[in-house]
Amino acid sequence: MWAMKLPSADTTVVKRTLSTITEHPEGLPGAEETPEYAEHRKNFWSSVKPAHFGVKIASRSLVVLLRSVIMGLSIGLLANSPLGRYLLLRYPEFFSTGLFSRAGPTEEEVRSGSFKMWFVGHGYGDAARALERGGKLDKEVITEVSGPEVGYITTPIVLVQCALVLLTQRGNLPRGGVYTPGTLFGPTDLQRRLQENGMSFDVHGTRSML
């Protein structure tokens, strides 16, 4: 398996979420939240620990990673100018080395598609070890998020369920503003809703690193 670091907005968003929770360890109170939800919110965020987060893209084929690098460089170099954007939109097959096309996927390709995201966490098995100066990480946790085709199926599912949470649980959410998804939806039942609509959140195992 080959992997490389992916310059992704996900990293920035997760860091912003963790920064917000550092400033507000019990989370952001809802505009008109119920006492029961307030207690749930506090318990939820008390279980979230500080973390360093990064995103990598992995493939069994080194060629696939090289094609991704070429596509990323093409977008980075050309997207800042009108002519560059025209070329990217006019010839996506060329600049993505065949990963994208103007035609888009067929319905059968969408139906048969799926995605998996693996999360590998390294940390401490107990708080005492975490407080030790120079203490080594001693625990690994591997989790997975998976679901149907990510662009045409999973993305609409996520957006619709987020909208339903906003519609039905508005009083339990913070007052208007700009928030990261984790800050806003963390304590809600969004994960359950996504699981009921075809997504999976699984813990594959934990192990000692010592």
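Just so it is clear, none of the values below were taken in a lab; they were calculated from the coordinates. Since we're looking at a predicted model, the values are computed, not measured. Please note: Cβ atoms are built from the backbone with ideal geometry, for glycine as well, and neighbour counts cover all protein chains shown.
Descriptive notes on the structure:
- Ordering S146, S208 by the number of other Cβ atoms within 10 Å of each residue's own Cβ, fewest first, gives S208, S146.
- Net dipole in debye of region 1-78 [+1 Lys, Arg Cβ; -1 Asp, Glu Cβ; about Cα centre; nearest 20]: 720 debye
- Comparing G198, L28, A3 along the charge dipole axis of the chain, the residue lying farthest to the positive side is A3, per the Cβ-charge model.
- Extension gain for L66-F53 works out to 2.3 nm (0.36 nm per residue, less the C-alpha to C-alpha distance).
- When L190, L164 are arranged by Cβ crowding within 10 Å, least crowded first, meaning fewest neighbours, the order is L164, L190.
- Most mobile listed residue (I75, I157, I21) in the chain, GNM with C-alpha springs under 10 Å: I75
- Pairs of lysine residues in the chain - Cα separation under 29 Å, sequence separation of 8 or more or cross-chain: 20
- GNM top mover of D126, D138, D189 - the chain, alpha-carbon springs below 10 Å: D126
- Sparse-neighbour loop sites [trypsin sites (Lys or Arg not before Pro); region 130-210; at most 15 other C-beta within 10 Å; DSSP]: R133, K136, R175
- Built amide H within the under 5 Å cut-off of F115, gap 5+: G147
- Electrostatic tally near P174: other residues with Cβ closer than 15 Å to its Cβ, Lys and Arg +1, Asp and Glu -1, net +1.
- Within the shell of other residues whose beta carbon sits under 15 angstrom from the beta carbon of P29, the net charge comes to -2, with Lys and Arg scored +1 and Asp and Glu -1.
- Exposure proxy order (Cβ contacts within 10 Å, fewest to most) of T11, T180: T11, T180
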